[in-house]
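Report on the structure given below.
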Amino acid sequence: MAELISKEKLLFGLPINIPNMGTIYQPKLRDFVNDDFNYAKFKGVFSIKKDMFLEDTNEDYDKIKDFDLIIYMNLIEDLIKSLKLLYKTDEIKIGELKSNDLSSIKILIKANEEIYCLDRENYTEFANRVLILLYSGNNVAEEEIKEELDEIELKMLKKRREFEKKKKKNKPKENEDNGITIYDIANYIIHVDNKYDYDSVLDLTVYQLINSYYLYHQKEDYSIFMDYKTSGQFKIEEKIEHWFTNK
């Protein structure tokens, strides 16, 4: 299956084109070193999912969109600040509300002489791509299922959803959820690799920062394992994949 965002663009911090939403720019650590808007707020606004609050068996599940939660939780201001950072423009505003209908809220983005509209219909797809820039989310473009599911397939779908929920529940939390912030990661990289200092690390994108952190850890683990294995003092029969190919 194809990638939603090419690995090359992610690794080299290049601008990303999102279908029907124009070009966005990968956020850097430098973008979040301020008192007004931090990384936790930026990531948090795109991480809000209705699955966090609703079971798929709820009768309102299909009616509610992730974008609706942004409105109900008063996160529109954080979303607009995030979009200004991603698009590198201040020309972002809320469109005219139709008859006090909150579901009609649209965010209008003017960038590169084009106007884009973010609303409850396209928000989830947009947010999922932003999360990929943060070394989170799924970067696999799954083919759309066109065949109608029969009764047996529907039962299997429900079982699969239950299984996925259990996996998410038991999955170890990563990055800021386990107390390690991107600033801790930056501090680690500064002291593990002398080519980075407190100034140069600020220009790494979030993806580059976290990707480097995981690669350094894999390299360390591989080095420690090989030291034990070749010391002759320990009987180690296990094999370990080389740190560079262990992805």
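The values are calculated or read from the model by the stated rules, or taken from the named source; none is laboratory data. Because the structure is a prediction, the values reported are computed rather than measured. So basically every Cβ, Gly included, is an ideal-geometry build from the backbone, and we count neighbours across all protein chains shown.
Being at pLDDT 75 or above and closer than 18 Å to Lys43 by Cα is the requirement here; does Ile180 meet it?
yes
Here is a check on your reading of the model: is Leu86 in the same structural domain as Thr124 (by TED's automatic domain parsing) and within 15 Å of Leu134 (Cβ to Cβ)?
Considered against the rule, which asks whether it is in the same structural domain as Thr124 (by TED's automatic domain parsing) and within 15 Å of Leu134 (Cβ to Cβ), Leu86 comes out as yes.
Out of Ile105, Ile109, Ile92, Ile80, report the one residue that is in contact (Cβ under 8 Å) with a residue 40 or more places away in the chain and either within 18 Å of the chain's Cα centre (by Cα) or surrounded by 13 or more Cβ atoms within 10 Å (Cβ to Cβ) (or both).
Ile109
Tell me the helices (runs of 4 or more DSSP H) entirely within segment 32-151 that contain at least 3 residues that are over 28 Å from Gln208 (Cβ atoms).
The qualifying helices (runs of 4 or more DSSP H) are 66-72.
Looking at segment 50-62, I want the residues that are not assigned by TED's automatic domain parsing to the domain that holds Glu121 and have a partner that is surrounded by 10 or more Cβ atoms within 10 Å (Cβ to Cβ) and at pLDDT 85 or above with Cβ atoms under 6 Å, at least 6 apart or on another chain. Which pairs are those?
Qualifying pairs under 6 Å: none.
If you go through segment 8-26 one residue at a time, how many are under 14 Å from the mean Cα position of the chain (by Cα) and either free of Cβ contacts under 8 Å to residues at least 60 places away in the same chain or over 15 Å from Phe126 (Cα atoms) (or both)?
1
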